[in-house]
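*Asks:* Sharing a structure below in structure tokens format, with a few things to ask.
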């Protein structure tokens, strides 16, 4: 039976900085802040283990005029979570009920992951979770995938990987995983049913 490995943010959890920043900024201001200042490249530093305090300090030195909004990134981070993506969680539940082994492989800060872990009941479906900040390495680096394989004795050729980041999909495929680039729950259902003949929609 195939093992299914899920990414979290963007696949099972609606995470978007705009969910928080729209309280303070209009669309044009958010576009600038998130593409020029609080970028995904910067966010990855926290996913790799840097504290929000240190990450904010470094960014404020570069963009002192945006200090207030930079600080809010860490201070009000929980408000970036819009909730669980219900349709994808439904697929996860169906896979669990049909005894498919489930794991999670995520780029996430260790400061913000514990409250998320407590917030969503669906985490109980996973046999194991690998969090980038805990390992000090992020997707799409090969080392993080190898940690997953070795820790849980998984054969990459028997794994299906689901992620909304295409670079992470490419890395997974290079390691032998069958990988699906997540776009929406409907497409994911079709992708899974195309390779899992026993997977049924209840």
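The values are calculated or read from the model by the stated rules, or taken from the named source; none is laboratory data. No experiment lies behind these values; they were computed from the predicted model shown. With ideal geometry, Cβ positions are generated from the backbone for all residues, glycine too; neighbour counts draw on all protein chains shown.
*Asks:* Report those strands (runs of 3 or more DSSP E) wholly inside region 102-195 carrying at least 1 residues which are modelled with pLDDT under 95 and in contact with a strand residue (DSSP E or B) (Cβ under 6 Å, 6 or more places away or on another chain).
*Replies:* Answer list for region 102-195: none.
*Asks:* Which ones in region 185-202 are over 15 Å from residue 4 (Cβ atoms), touching a residue at least 40 places away in the same chain (Cβ under 8 Å) and either out of contact with any helix residue (DSSP H, G or I) (no Cβ under 9 Å at 6 or more places or on another chain) or in the same structural domain as residue 139 (by TED's automatic domain parsing) (or both)?
*Replies:* 186, the sole residue that qualifies.
*Asks:* If you don't mind, there's one more thing I want to ask. Looking at (1) closer than 28 Å to residue 4 by Cβ; (2) surrounded by 13 or more Cβ atoms within 10 Å (Cβ to Cβ), which is the only condition residue 20 fails?
*Replies:* (1)
*Asks:* Would you be able to tell me the number of residues in region 23-41 that are buried (at least 18 other Cβ atoms within 10 Å of the Cβ), under 23 Å from residue 132 (Cβ atoms) and in contact with a helix residue (DSSP H, G or I) (Cβ under 7 Å, 6 or more places away or on another chain)?
*Replies:* Within region 23-41, residues that are buried (at least 18 other Cβ atoms within 10 Å of the Cβ), under 23 Å from residue 132 (Cβ atoms) and in contact with a helix residue (DSSP H, G or I) (Cβ under 7 Å, 6 or more places away or on another chain) number 1.
*Asks:* Taking region 78-101 only, how many residues are more than 30 Å from residue 1 (Cβ to Cβ) and either surrounded by fewer than 16 Cβ atoms within 10 Å (Cβ to Cβ) or at pLDDT below 95 (or both)? It would help to see each step written out before you state the result.
*Replies:* Step one: list which residues in region 78-101 are more than 30 Å from residue 1 (Cβ to Cβ), which gives 78-83.
Imposing the further condition that a residue be either surrounded by fewer than 16 Cβ atoms within 10 Å (Cβ to Cβ) or at pLDDT below 95 (or both) reduces the set to 78-79, 82-83.
The total comes to 4.
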